[in-house]
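Novice: Attaching a single structure in structure tokens format; questions to follow.
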Amino acid sequence: MTQDLSTPCTAFDGPRRLLSGPLIEVALAVKTAADGGAPGPLRMFDDTSGRAVALDLRGGKSDLVSRLVAAAPLPSPQATSSSPAAASPRGRGRPKLGVVAREVTLLPRHWDWLAAQPGGTSAVLRDLVEEAASRDGLRQRALLSREAAHRFVLAMAGDLPGHEEAARALLVGEDALFAERSQAWPADIRQHAQALAFAGPPPESDPL
């Protein structure tokens, strides 16, 4: 396991949701539940991917934390104030924007339209590219959210009625169909799948 300790996760005790929050907090909640004789099965999921998170619950809580810290990825190096770039004072005038000049080929009507827009041709083109990139990013995030919900459903609802149709409904973003097919499911499983697919991971719940 190489998740960051702050990765959003959710734990379940059987069909009941225990806690949603950062990985390390949820892992400790699972440890507390296990030590308290929770009926289980105790399962923990990464809310960004919908994949199960394997926990080694041997020993005490300090042992669990030590293993999680050891398995966490190292932070990426950051520029510090001692670096030459940070130490150099910024000169006066407009900061560099990292703009790269390249040839753009358009039809005459496209150039006419650009010339009529306020702000100049380059500014308009940059705005159009940013808008398209933002839309693509939203579509990609929505797809990843539905895939995460689909994995969660296969893991937690594989023996529940209508799980195949419900899982397919999540993949294509049909909220109403998913609600219909999962109506008889335990509420926490159904609601968590919907949250992952259509609204992102749920907020932190009250601790045990």
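No lab work stands behind these numbers, since they all come straight from the coordinates. As the structure is a prediction and not an experimental result, all values here were calculated from the model. Glycine also receives a Cβ, built like all others from the backbone with ideal geometry; neighbour counts cover every protein chain displayed.
Novice: For the pair residue 122/residue 107, report the inter-label distance in nm, with labels modelled 7 Å from Cα in the Cβ direction.
Specialist: Once both label points are built, they end up 2.7 nm from each other.
Novice: Pull up all non-local amide H partners of residue 9: gap of 5 or more, or a different chain, and H-to-H distance under 5 Å with H placed in the peptide plane.
Specialist: Under 5 Å from the amide H of residue 9 lie the amide H atoms of 21, 23, 47, each far enough along the sequence or on another chain.
Novice: Report, in debye and to the nearest 20, how large the dipole of the stretch 1-73 comes out about its Cα centre when Lys and Arg carry +1 and Asp and Glu carry -1 on their Cβ.
Specialist: With Lys and Arg at +1 and Asp and Glu at -1, about 160 debye.
Novice: Let's test the formula: R0 of 45 Å, r as the Cβ-Cβ distance of residue 129 and residue 177. What FRET efficiency results, to the nearest 0.05?
Specialist: 0.80
Novice: May I pose another question? How far apart, in nm, are two points set 7 Å out from the Cα along the Cα-to-Cβ line at residue 66 and at residue 159?
Specialist: 3.6 nm
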